[in-house]
Amino acid sequence: MATPTQTPVSQIPRITAQTPASALPTEVVTLQQMVLQLLGQINEKTRENFDLQCQLDWLKRQLFGRKSEKMDPNQRLLFEDLFAKLQKQLEPQPAPQVPTPPPASSPKVPPANRPSRRNGRVPLPADLPRVPEYLDPDPRLIENMRCLGEDITEILEYIPAGFYVRQIIRRKYAPRGGLGSVVMAPLPPLPIEKGRPGPGVLAYIITSKYCEHLPLYRLEQIFARHGLHIPRTTQWDWVRDSADLLLPIVLAMKRLILASVKIHTDDTHIPIQDKSRTQVREGYLWPHIDMANNVYFDYTTTRSGEGPEQMLGGYQGYIQADAFPGYDGLYGKGKATEVGCWGHARRKFDEALQTDPIRANQMLALIAQLYIIEEKAKEEHLDAEGVKALRQKFSKPILEDQIKPLLEGWSPEVLPKSPIGKAVTYAVNQWEALNRYLENGILCIDNSLSERVIKLVALGRKNWLFSGSDGGAQRAAILYSLIASCKLCKIDPFLYLRDVLERINTHPANRIDELTPPRWKELFLPKISLPSFKAKVESRAE
């Protein structure tokens with residue numbers, strides 16, 4: 001029996017859906033090869049379409065969907081037994097009740113003196129100035145009457161913020177006989193020598209741009225409404241000089257961060273205008289945060305391992321970051337210790353909800369239990385040892401007995417490039433780092449602290465769009481460092497910058513650590529008082 005001849009695949013004419021059957025090859029082996037080739041192409045296109053559909057679903061969710069990664073309450077109902085069991089374990093055992101005598105009845109407070117609870121209103125701050133307005137009935141209606149009291153209604157009002165001119169008047173004195181030199185007091189130190197802006201104006205521009213995310217051209221319009229012509233170029237000169245003045249404080253924060261036991265870090269991009277002013281390229285800001293809430297932003301022109309190595313090379317404490325490969329050179333024996341982020345792991349399972357809801361929901365429920373344990377530690381204000389003991393008792397069994405077996409079972413089953421496959425692969429590869437937070441109570445379950453800090457930059461670049469140069473980005477990093485630290489320390493950035501810019505030129509260099517936001521809050525904040533316009537407000541009311 002003759003063996004059927006095989007036509008080389010390269011010699012087969014192009015076949016489409018309109019090709020007649022008579023034009024197809026007749027050799028069986030050739031047709032089998034064609035079928036296998038087509039099946040391979042179909043499988044490849046199917047996987048490609050699946051990946052594109054996953055990307056489309058993610059983009060649609062980012063544009064129109066829910067951004068929160070917290071577990072949906074309706075999904076949580078599927079695992080209510082797990083949460084109820086964990087909650088019962090976390091609740092302290094009730095102590096035996098000892099009968100106590102009934103409390104003595106307290107004197108009743110007259111209704112007029114009770115704090116108002118109407119509509120759940122919060123009382124207005126007591127330190128706000130009060131401008132009284134007396135309203136009396138028609139005098140003809142109150143003849144031969146005496147006043148029994150008064151009813152006070154407080155309404156919050158606003159007077160537009162304004163500028164004022166600070167006049168520094170220095171009297172000159174000369175000897176009465178006409179002989180000798182003239183005596184005059186020296187000018188107080190100003191942030192910008194021979195400059196017109198005071199520390200309050202500089203602090204206002206900096207906080208408006210880097211805290212409220214207002215571009216300088218909008219500030220120029222705001223100034224114009226007050227009758228002031230301050231071009232954005234002049235404002236930028238003031239911002240530049242202020243950043244140069246504040247640089248020693250930020251360098252002191254960098255030194256303190258590198259001496260910390262734990263550092264949180266991350267990165268985000270920032271558009272940089274090219275020198276040709278026709279293109280925009282990417283620069284990168286890397287926040288570094290210590291346990292005292294000092295923040296240092298490092299600027300690099302590329303997103304590579306050189307940036308982290310230059311900043312953290314030689315550091316031997318804990319580094320909590322995402323799984324970016326650029327950090328890998330920092331970890332190892334005699335180097336830093338990697339701490340993973342369960343927030344990133346949870347996010348990847350959250351992105352897999354549309355394509356594999358059963359596995360994703362099951363893992364999200366278990367991760368949610370880990371966060372419930374962390375909330376319990378915060379509610380009870382536990383110290384580091386107490387947090388570690390709580391995690392070892394409750395979090396460790398969830399990780400080792402429930403999450404790990406699921407990941408090991410799913411790993412060979414899921415497609416590596418599918419959303420659930422990427423989530424499982426991330427968790428498996430980062431497993432040791434993700435469990436690191438069990439070892440020490442000072443460590444966090446995730447790196448959300450860094451993500452909250454870089455949100456400042458993310459919101460800013462949506463408004464001011466780009467930085468004019470690498471130098472401008474470096475100065476932005478200086479100012480973002482101070483403002484982010486103020487926010488973490490719960491300090492008003494304007495109040496801090498106004499005071500520091502006023503004292504920076506005269507403060508001893510060997511005590512520069514006192515001007516970092518955490519130390520400044522302890523040493524100087526209780527003594528700060530801003531100029532009061534209460535008298536002006538009262539005069540307007542009259």
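The values are calculated or read from the model by the stated rules, or taken from the named source; none is laboratory data. Computed from a predicted structure; not experimentally measured. Note: ideal-geometry Cβ built from the backbone for every residue, glycine included; neighbour counts use all protein chains shown.
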Subject >> Residue in region 442-459 that is over 22 Å from Gly200 (Cα atoms), charged (D, E, K, R) and free of Cβ contacts under 8 Å to residues at least 40 places away in the same chain present >> reply: yes
**OP:** Check His507 against each of (1) within 18 Å of the chain's Cα centre (by Cα); (2) assigned to a loop (DSSP other than H, G, I, E, B) and name the one condition it does not meet.
**Re:** (1)
Subject >> Unmet criterion (only one of (1) of a type in the set (Asp, Glu); (2) farther than 19 Å from Phe297 by Cα; (3) without any contact (Cβ under 8 Å) to a residue 60 or more places away in the chain) for Glu309 >> reply: (2)
Original post:
So how many residues does region 492-530 have that are in contact (Cβ under 8 Å) with a residue 60 or more places away in the chain, touching a helix residue (DSSP H, G or I) at 6+ places or on another chain (Cβ under 7 Å) and of a type in the set (D, E, K, R)?
Top reply: 3
Subject >> Total residues in region 270-280, condition surrounded by 14 or more Cβ atoms within 10 Å (Cβ to Cβ) and either without any contact (Cβ under 8 Å) to a residue 12 or more places away in the chain or within 21 Å of the chain's Cα centre (by Cα) (or both) >> reply: 2
**OP:** Please work out if Gln33 is closer than 30 Å to Lys422 by Cα and either at pLDDT 70 or above or not hydrophobic (A, V, I, L, M, F, W, C) (or both).
**Re:** no
Original post:
On the given criteria, is Asn463 modelled with pLDDT under 95, out of contact with any helix residue (DSSP H, G or I) (no Cβ under 7 Å at 6 or more places or on another chain) and in a helix (DSSP H, G or I)?
Top reply: yes
Original post:
Taking the condition within 18 Å of the chain's Cα centre (by Cα) and either at positive phi or not β-branched (Val, Ile, Thr) (or both), does Tyr296 pass?
Top reply: yes
**OP:** Tell me which residues, restricted to region 147-165, are over 30 Å from Pro123 (Cα atoms) and surrounded by fewer than 10 Cβ atoms within 10 Å (Cβ to Cβ).
**Re:** Val165
**OP:** Scan (1) surrounded by fewer than 16 Cβ atoms within 10 Å (Cβ to Cβ); (2) at pLDDT 90 or above; (3) not in a helix (DSSP H, G or I) for the single condition Gly409 breaks and write down its number.
**Re:** (3)
Original post:
Does Lys417 count as in contact (Cβ under 8 Å) with a residue 60 or more places away in the chain, in a loop (DSSP other than H, G, I, E, B) and basic (Lys, Arg)?
Top reply: yes
**OP:** Could you please tell me which pairs satisfy a Cβ distance under 9 Å, a separation of 6+ or placement on different chains, a first residue in region 234-250 that is more than 18 Å from Pro215 (Cα to Cα) and in contact (Cβ under 8 Å) with a residue 24 or more places away in the chain, and a second residue that is of a type in the set (S, T, N, Q) and not in a helix (DSSP H, G or I)?
**Re:** Leu245/Asn505; Ile249/Thr516; Val250/Thr516
